[in-house]
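Structure, as structure tokens:
The values are calculated or read from the model by the stated rules, or taken from the named source; none is laboratory data. In this text the structure is predicted, and so the values were computed from the model without any measurement. Glycine also receives a Cβ, built like all others from the backbone with ideal geometry; neighbour counts cover every protein chain displayed. These area figures cover heavy atoms from the full protein model, side chains too; ligands, DNA and RNA do not enter into them. Shrake-Rupley method; radii C 1.70, N 1.55, O 1.52, S 1.80 Å.
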Amino acid sequence: MKDIPANFTSALVPFAAASLDCLENGRSSANEDPSQSCILSGVMKSGRLAWIARGDALEVINIATGARKAAWKFGALLQEERNPTITCVAEYSYANAPKLLIGLETGAHAGMLCMFDVKTSKVVKAVDFMHKVTAVEPVTNVLATEAPLQVLSEHLRCFCGVVAVGTQYGHLYLIDMCLDDAHDDSDELLPHALHVFTTKARDVMRRRDDALTRGEILALHLNNNAQVRGTFQYVQPDGELLESYIAEEVFVTSLKFVHPIGTLIVGFNFGCFQMWRLYEPVLDFSSKLDIDDVCPITHFAYQEPENDPRNFCYLWVARGPLPSDAGQDIVSTVHHEVIFDVDMAPAKALSQLVWRGPIGLVEPFEVFNSCLGAGLLPKNVELAASNLTAQAQRENLLSVALNHGAAGFITSCVSQFAEGEFVHAGCTLRFILDWAWGKVAQVKDSLDKLCVPLYDCSGMPLEQQGLQLFHQHQLQLTNLQTIVQVLMTNSGPSTSQGLGDLDMKFRVVTLINQFYQAVSWCLSNNLLPEFDEAESPPSGQYCYPASVLSHEYQTRRQQISRLHR
């Protein structure tokens with residue numbers, strides 16, 4: 001890979017003396033050599049502040065000036081011989097105030113999660129854990145009433161702010177941050193205890209109220225089945241055992257929540273990772289064991305390309321030694337391991353829809369909820385999902401199939417419904433025709449608005465996103481034309497008026513499709529967008545001869561008009 005030099009490099013900005021002193025003396029115990037403590041660091045999203053942690057010391061500094069913005073020394077209030085050690089840090093914003101989530105090792109195998117307020121420079125929430133906290137990742141920072149329906153399970157929609165926490169022994173928890181509790185006075189001295197429950201639990205809101213009354217915080221234990229008699233069971237989604245490890249030697253090394261697909265990705269120190277869909281919640285994927293590379297998972301990066309013709313998303317996985325692994329060259333050993341298609345939740349929902357076939361429309365509830373959980377439905381549908389009739393659910397499932405190129409599913413429904421077997425459920429050819437005709441109007445309206453800038457002589461081309469939407473709509477029109485044609489073939493005996501109406505609709509969608517195929521050709525051959533005749537177009541573009549064409553059309557209209565007199 002070619003090295004790209006920086007355009008500009010500033011002079012070194014020295015840290016404040018107080019920050020340097022804290023970091024140079026950060027340690028876990030009085031007898032520890034500070035030089036042996038690992039350093040953790042990161043830049044906050046604003047780009048103005050950075051955090052640095054070493055041993056028990058946390059410093060937040062101004063990047064431009066090096067001035068200390070906030071600081072905390074964990075364990076100073078406890079006055080114990082062994083101070084806590086900072087193991088992981090993640091930014092967490094709420095109420096327009098930057099905060100940091102701090103994972104700690106507080107003693108032999110014990111841990112704690114603290115929320116540090118940068119503005120006030122103090123710990124404003126603390127939660128006790130039975131095991132050392134090794135990874136932390138924000139999931140949501142909103143109240144329960146604003147929780148995204150398509151992302152979180154019913155359990156998690158009771159939480160006010162969700163944070164994922166990984167620990168030693170491989171435990172994985174989702175924590176209720178209780179952002180609705182304005183009077184939380186927990187800290188290192190008086191941390192909250194956890195009220196742990198599993199995905200099988202019901203009446204979570206009652207549990208939450210009871211737990212808050214006792215000063216406890218809810219924690220959903222995602223992988224409670226992984227710990228068996230002192231071992232950690234690494235399994236496939238179907239429960240097949242891939243490997244068994246001594247539990248004490250396992251810990252979570254990296255967490256990444258990918259909001260577009262509602263998936264929490266979990267990396268382990270034995271070099272494998274898993275993907276958990278939080279809408280169920282359920283284990284969706286476990287990576288294969290690689291005996292040649294058992295380096296810990298250190299980072300994940302999610303990539304959603306703008307113009308990938310395969311419509312894939314990608315997951316980049318990095319392996320290498322951890323910051324706590326002294327004496328190893330981290331830069332040279334960390335590498336990107338794999339490009340991975342993580343569009344699994346939408347793919348799984350679509351495959352379920354296609355596999356069930358027409359019966360998936362007759363009984364739409366299950367498939368509709370799968371599509372809802374996979375984020376395949378528009379926002380307005382998600383908000384009204386609980387109030388939709390079965391017929392409205394069917395219409396939305398047809399739209400999902402059309403939007404994702406599953407026109408074959410729709411034509412199979414046409415063939416099945418033509419026999420009249422599901423008339424009692426409202427699954428008829430008339431139902432599909434009305435939906436298809438409505439979609440034709442909807443797609444045409446969207447294309448008309450999208451193409452307005454092509455004809456205003458501004459010379460402004462469609463942006464990449466607009467061009468992608470144009471081609472998507474064009475494909476939808478082609479599929480709708482096919483669907484109407486199949487409806488004509490399967491309509492059977494009908495009145496002449498009914499056949500005429502169907503034929504008219506087929507000719508209209510065909511003409512609309514042909515028109516936009518012509519627009520597509522003009523775009524690809526630089527005949528669009530229009531340029532004013534008085535201006536010089538860029539190289540490779542052409543002026544639209546508006547005045548010449550206008551004159552020709554006007555003359556021709558006058559000639560035609562005279563023929564009818």
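R0 = 45 Å: FRET efficiency of residue 65 with residue 130, Cβ-based, nearest 0.05?
0.60
Once the Cα atoms of helix 407-417 and of the chain are each reduced to a long axis, what angle between those two axes, in degrees from 0 to 90 to the nearest 10, is obtained?
The angle comes out near 60 degrees.
Kindly provide the helix-only [θ] at 222 nm of the chain, computed as the sum of -39,500 (n - 2.57) over DSSP H runs of four or more divided by all residues, to the nearest 500 deg cm²/dmol?
Mean residue ellipticity at 222 nm (helix-derived): -10000 deg cm²/dmol.
Excluding ligands and nucleic acids, what accessible area in Å² is computed for residue 63 using a 1.4 Å probe, to the nearest 10?
Spelled out: residue 63, probe radius 1.4 Å, area about 70 Å².
Taking a 1.4 Å probe, which of 419, 304, 243 shows the most accessible area, and what order do the others take after it?
419, 304, 243
If you count only protein heavy atoms and use a 1.4 Å probe, how large is the accessible surface of residue 259, to the nearest 10 Å²?
90
Subtract the Cα-Cα distance of residue 354 and residue 189 from 0.36 nm times their separation in residues, and report this length gain in nm to one decimal.
Answer, rounded to one decimal: 53.8 nm.
Ranking request for peptides 556-564, 172-180: highest mean number of other beta-carbon atoms within 10 Å first, then the rest in descending order.
With the highest mean Cβ count within 10 Å placed first, the list reads 172-180, 556-564.
With everything on Cα atoms, drop me the angle between helix 464-489 and the longest principal axis of the chain, reported from 0 to 90° to the nearest 10.
Long axis of 464-489 versus the principal axis of the chain: about 50 degrees.
Give me the distance between the Cα centres of the range 346-407 and the range 236-299, rounded to whole Å.
Computed from Cα coordinates, the inter-centre distance equals 29 Å.
May I ask for the distance between the Cα centers of the range 159-231 and the range 47-113, given as a whole number of Å?
21
Computed FRET efficiency, Cβ-Cβ of residue 564 and residue 506, R0 35 Å: what is it to the nearest 0.05?
Calculated transfer efficiency: 0.75.
Taking 0.36 nm per residue of separation and subtracting the Cα-Cα distance, what length does fully extending residue 488 through residue 553 add?
19.8 nm
Can you tell me the alpha carbon radius of gyration of the range 353-445 divided by the globular rule-of-thumb value 2.2 N^0.38 Å?
Cα Rg divided by the expected 2.2 N^0.38 Å: 1.02.
What share of Cα pairs, in percent, lie more than 36 angstrom apart in the chain?
In whole percent, the long-distance tail amounts to 51.
Using a 1.4 angstrom probe on the protein heavy atoms only, could you order 101, 475, 388 from most to least accessible area?
The residues order as 475, 388, 101, largest area first.
May I ask you to compute the full-extension gain from residue 18 to residue 241, defined as 0.36 nm times their residue separation minus their alpha-carbon distance, rounded to one decimal in nm?
Gain on extension, residue 18 to residue 241, equals 75.1 nm.
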